[in-house]
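Note sheet for the following structure.
Every number in this text was worked out from the coordinates using simple rules, so none of it is lab data. All values reported here derive from a predicted model rather than from experimental measurement. So basically every Cβ, Gly included, is an ideal-geometry build from the backbone, and we count neighbours across all protein chains shown.
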Amino acid sequence: MSAQKSLDVAQQAEQLYHQRLQNQLEQSDPEKFVAIEPVSGDYFLGQTLSEAIAAARRAHPQRLVHAVRVGHKTAVHLGGVTP
């Protein structure tokens with residue numbers, strides 16, 4: 001799997017999130033994780049990142065997905081506190 005393909009999937013999924021899902025999910029499912037499969041447009045919610053990814057893989061085992069945390073810029077935050 002190429003790095004470019006992974007980047008393409010991430011960009012497509014982010015676009016779907018911002019255009020179709022963000023407003024709805026920030027109202028209905030804040031703080032949950034969402035895994036997006038951009039070819040189908042399917043998305044999968046979970047209380048944890050693992051739950052969302054597992055649901056996406058069950059539905060689309062051969063496809064890449066991209067995950068974000070609803071209401072956040074990224075799925076996980078690493079490191080300390082930023083000023």
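Each Lys or Arg adds one and each Asp or Glu subtracts one; over the other residues with Cβ under 14 Å from the Cβ of Glu26, this totals +2.
Name the residues of the range 13-37 whose amide N is less than 16 Å from a point 7 angstrom out from the Cα of Gln47 along the C-beta direction? Inside the label zone: 29-34. Karplus-derived 3J(HN,Hα) values for the range 31-43, using 6.51 cos²θ - 1.76 cosθ + 1.60 with θ = phi - 60°, are 6, 7, 9, 10, 9, 10, 9, x, 5, 8, x, 5, 9 Hz; glycine and proline are entered as x. Working note: Cα atoms of the chain, range along each principal axis, descending, whole Å: 38, 28, 24. Can you give the net charge of the other residues whose Cβ lies under 14 Å from the Cβ of Ile53, counting K and R as +1 and D and E as -1? The answer is +2. Taken about its Cα centre, the chain carries a charge dipole of roughly 160 debye when the Cβ of each Lys and Arg holds +1 and the Cβ of each Asp and Glu holds -1.
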